[in-house]
Structure formats: structure tokens, C-alpha cells
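Asker: Could you have a look at this structure, given as C-alpha cells, before my questions?
The values are calculated or read from the model by the stated rules, or taken from the named source; none is laboratory data. In this text the structure is predicted, and so the values were computed from the model without any measurement. Here the Cβ is made from the backbone with ideal geometry for all residues, glycine too, and neighbour counts use every protein chain on show. When the accessible area is computed, the model is the full protein with side chains, heavy atoms only, and any ligands, DNA or RNA have been set aside. Shrake-Rupley method; radii C 1.70, N 1.55, O 1.52, S 1.80 Å.
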Amino acid sequence: MAGEKIINRDGRKRVSRRKIAPGAIPGTLETDPDALFPIITLMGYDEENLIERTVQDLGELKTLMEKPAVTWVNVDGLGDAGILSGLADLFGIHSLALEDVIHAHQRAKVEEYGDELFIVARMLSRENGSLNTEQLSLFLGRGFLVTFQDSPGDCLEPVRERIRKGKGRIRGSGSDYLAYTLLDAVVDAYFPILEDFDEELEGMEDEIMDRPNNETVSRIHSLKHDLLLMRRTVRPLREAISVLLREESPLVSRETRVYLRDCYDHTIQVIDMTETHRDIVSGLMDFYLSSVSNRMNEIMKVLTIISTIFIPLTFITGIYGMNFNPRASPLNMPELNWRWGYPAVWGVMVLIAMILLVFFRRKGWLGSSGGSG
């Protein structure tokens, strides 16, 4: 699944917010020159029959729509304004709604245009550790549902399989139930991503405990960015589904609203899990800083102990480094003339070092000890 993405200097993908020029006429259709040419697929069905094919022109589409009870038209690619305008004329899509389809940076929402509902949801996918988002636009009418995507590849294949195999109640229900199943598939696709976050967070905790490094900080910031994107995606979708539940519309039956309640509950679960993960990521950064600080303290402690041991030794060697002539006075460093003077100095220095090591250990400053500082 691909969305509107460009590459940042740090190699991460982000959503491109391409908009029309300020002051343009409302409903202006200005397609992206890099967008894919539209590929139109149709699935028409009832309890007994199923039609599934790629449509070559709008005339063929109009003919095929006359047969089944429910028609699902999916458009992959938004690169031809003529075809999109023809679809808008065929299904009575308002120009303002079609403009929102082409400029696919909309937040999830529900809008009513005459006898149709315009629903926007955002699909999420995770590729190479980067979270990407793509707009899914739905136009719900009596007996039909039209969906628009940036490019082929989505999380809706399980719905297509249910239609093909006649599983569940989808083949015996209307277009409103089809719209519900698509929204439910979008929400369900969030959970595997959250499970990936779970595994990654657990691995990062162990990594921070054992060997924290600069790459860990980069991954923490990346996860924080992805979770923020997920929260910005799910919260509006929860509000959109709430609108479908709260506002009476002849296009959404009472039976379908029962299922939408379940979908609404799933969005709440996703939001709760996202907030929990964001708290964990924030805690990981504190944990990382604490771990690095503790490691630095351990290093400084070892260096301080070494320095402390060598202070008296340096003092002793400094004394005997003074060039006083013992022959000039019996008070001038008489140890230089002792037979065992050199071994005695070494013995004193070793004894001082051992006494300091024992003292540090009993204080608990070196390794484990039962003492306290």
C-alpha cells in the first residue's frame, strides 16, 4: 500500500500535503502529475450471483451496474481528472467531495451530500520500520459503494475474499454493511502494527539495559513519531464512526449500526493501546538517559578509585624524586642509603594500595559489599 510520500533527509517517509493554490475555485480538480492512472475494478453481488472484473471504460461500468443488488467500485490511482469526473457524474459525487479525494491529505470524517455519504478513513502500513498512511475515500449510496485509493495494494483483501466465498452476511446485506466491513478492515489492520510496536519496545528495553547507544535514541524517536502519526489517524476515525452511529441516515440501517458500535469499540482499543505505547516510549527515553548516566557513573567511579589509590603513591614517589644530597646532611633523605630502602618504599606503597582497596570495598564503593557508605 502506498500513500502520498516523499523522502526526508533522514531517510524517513512522510505524507506530502499537496494542496491547490490559494484562492482557487472550490471544487477545482487538479491531479498530481506523478499520480497513477486510475484502475477501476467492480464487484457486484447478491446472495446468488457475483460479478468481479476490471472495467475498461465508464460505459461498460454503467452496464454492469444494472445487474447486481450491491455494486462496489474501487478506483486505484488518481492521475486522470477526466475519468474521475466521469465517475463523479455517473454516481452523483459532489465536486467538493471529489476535490477532497484528489487532494488526499484529509483527516477521517463523514459528510453528507444529498443522497450520499462521503466517508474518509486512513489506512496504515509499516514498511522497513517506517509507518505510512494512505487515504481511503468512500461514497455510500443506495445499492452502491465507490472507493478511491492512491495506488493498488490495501488491507481490504479479506473483505473481497468474504464476498467471493459468500462468508458471513455480507452477500445478503446492503451497501451500508459493505461500508462497515471496509472500515472494520481498516481498523483491524492497526492491531498488527501495534503488535509490532510491542515486540520492538520489548527488544529496546533489553537493548537499553545491556548496551545503550546512539542508534537506540534514533529508534526511540522514530517510534515516538510513528505513534504520534497513529494517534492523529485513529482519533478522527473514531469521531467519524461516532457520527455514523449518532446521526440518523436512511443510508445506514439500524442493523448495520449494531456492527458499527463494535467497530467504534475497536477504535477505542487502538487509541488506548497507542497512548500506552507512547507512555512506554517516553519512559524508554528516561530509562535510556538513566542507563547511560549509571554507566557513566560506574566509569567515573572506577577512574576515581584508581586516581585515589595513586594519589598517596604519587606523593611518595614525588618525595623520593626530590634531589636532596644525603651526604650534605644526615637529615637529607637518609632512606636513600638504607640497604632495604627501595624494597621498603615498594612495600609501603603496596600496603597503602591494599588498605585503600579494602576500605573502598567495605564502604561498598567497589563491587558488592555488606557495608554502607
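Asker: Answer with yes or no whether Ile40 is open to solvent by less than 50 Å² (accessible area, probe 1.4 Å), without any contact (Cβ under 8 Å) to a residue 24 or more places away in the chain and either closer than 19 Å to Leu182 by Cβ or part of a strand (DSSP E or B) (or both).
Answerer: no
Asker: How many residues are modelled with pLDDT under 85 and either acidic (Asp, Glu) or in contact with a Pro (Cβ under 7 Å, 6 or more places away or on another chain) (or both) when one looks only at segment 306-353?
Answerer: Total meeting the criteria: 7.
Asker: Still on this structure, I have one more. Mind checking which residues of segment 280-299 are more than 16 Å from the chain's Cα centre (by Cα) and modelled with pLDDT of 85 or more?
Answerer: Gly283, the sole residue that qualifies.
Yes/no per residue for (1) of a type in the set (Phe, Trp, Tyr); (2) farther than 30 Å from Leu366 by Cβ; (3) out of contact with any helix residue (DSSP H, G or I) (no Cβ under 8 Å at 6 or more places or on another chain):
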residue: Tyr264; (1), (2), (3): yes, yes, no
residue: Thr267; (1), (2), (3): no, yes, no
residue: Arg278; (1), (2), (3): no, yes, no
residue: Tyr288; (1), (2), (3): yes, no, no
residue: Asn294; (1), (2), (3): no, no, yes
residue: Asn297; (1), (2), (3): no, no, yes
residue: Ile311; (1), (2), (3): no, no, yes
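Asker: Would you say Phe118 is aromatic (Phe, Trp, Tyr) and touching a Leu at 6+ places or on another chain (Cβ under 7 Å)?
Answerer: Criteria not met by Phe118.
Asker: Tell me, which strands (runs of 3 or more DSSP E) wholly within segment 76-148 include 3 or more residues that are open to solvent by 10 Å² or more (accessible area, probe 1.4 Å) and in contact with a strand residue (DSSP E or B) (Cβ under 9 Å, 6 or more places away or on another chain)?
Answerer: 109-113, 116-127
Asker: Condition first: among the aromatic types (Phe, Trp, Tyr) and either surrounded by 11 or more Cβ atoms within 10 Å (Cβ to Cβ) or touching a residue at least 40 places away in the same chain (Cβ under 8 Å) (or both). Now tell me which residues in segment 308-342 satisfy that.
Answerer: Scanning segment 308-342 gives Phe310, Phe315, Tyr320, Phe324, Trp338, Tyr342.
The rows are residues; the columns are (1) closer than 30 Å to Asp46 by Cα; (2) of a type outside the set (A, V, I, L, M, F, W, C); (3) in contact (Cβ under 8 Å) with a residue 12 or more places away in the chain.
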{"residue": "Leu183", "(1), (2), (3)": "yes, no, yes"}
{"residue": "Asp206", "(1), (2), (3)": "no, yes, no"}
{"residue": "Ser222", "(1), (2), (3)": "no, yes, yes"}
{"residue": "Leu229", "(1), (2), (3)": "no, no, yes"}
{"residue": "Val243", "(1), (2), (3)": "yes, no, yes"}
{"residue": "Pro250", "(1), (2), (3)": "yes, yes, no"}
{"residue": "Cys263", "(1), (2), (3)": "yes, no, yes"}
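Asker: Could I ask something else about it? Cβ-Cβ under 6 Å, sequence separation 6+ or interchain: first residue in segment 91-106 and over 11 Å from Glu134 (Cα atoms), partner of a type in the set (S, T, N, Q). Which pairs?
Answerer: Asp100/Gln106; Val101/Ser137; Ile102/Thr31
Asker: Can you tell me which of (1) over 20 Å from Thr133 (Cβ atoms); (2) aromatic (Phe, Trp, Tyr); (3) surrounded by fewer than 16 Cβ atoms within 10 Å (Cβ to Cβ) is the one Tyr180 doesn't meet?
Answerer: Going through (1) over 20 Å from Thr133 (Cβ atoms); (2) aromatic (Phe, Trp, Tyr); (3) surrounded by fewer than 16 Cβ atoms within 10 Å (Cβ to Cβ) one by one, Tyr180 breaks only (3).
Asker: Continuing with this model, one more query. Considering (1) open to solvent by 30 Å² or more (accessible area, probe 1.4 Å); (2) assigned to a loop (DSSP other than H, G, I, E, B); (3) at pLDDT 90 or above, say which one Arg171 fails and leave the rest.
Answerer: With (1) open to solvent by 30 Å² or more (accessible area, probe 1.4 Å); (2) assigned to a loop (DSSP other than H, G, I, E, B); (3) at pLDDT 90 or above applied to Arg171, the lone miss is (2).
Asker: Please give the number of the condition Thr63 fails out of (1) in a helix (DSSP H, G or I); (2) surrounded by 14 or more Cβ atoms within 10 Å (Cβ to Cβ).
Answerer: Of the numbered conditions (1) in a helix (DSSP H, G or I); (2) surrounded by 14 or more Cβ atoms within 10 Å (Cβ to Cβ), the odd one out for Thr63 is (2).
Asker: Right, another one. Taking the stated definitions as given, is Pro212 in contact (Cβ under 8 Å) with a residue 40 or more places away in the chain, out of contact with any Lys or Arg (no Cβ under 7 Å at 6 or more places or on another chain), open to solvent by 40 Å² or more (accessible area, probe 1.4 Å) and not in a helix (DSSP H, G or I)?
Answerer: no
Asker: Check off (1) at pLDDT 90 or above; (2) closer than 22 Å to Leu260 by Cβ; (3) surrounded by fewer than 17 Cβ atoms within 10 Å (Cβ to Cβ) for Arg164 and give me the number that stays unchecked.
Answerer: With respect to (1) at pLDDT 90 or above; (2) closer than 22 Å to Leu260 by Cβ; (3) surrounded by fewer than 17 Cβ atoms within 10 Å (Cβ to Cβ), Arg164 is out only on (2).
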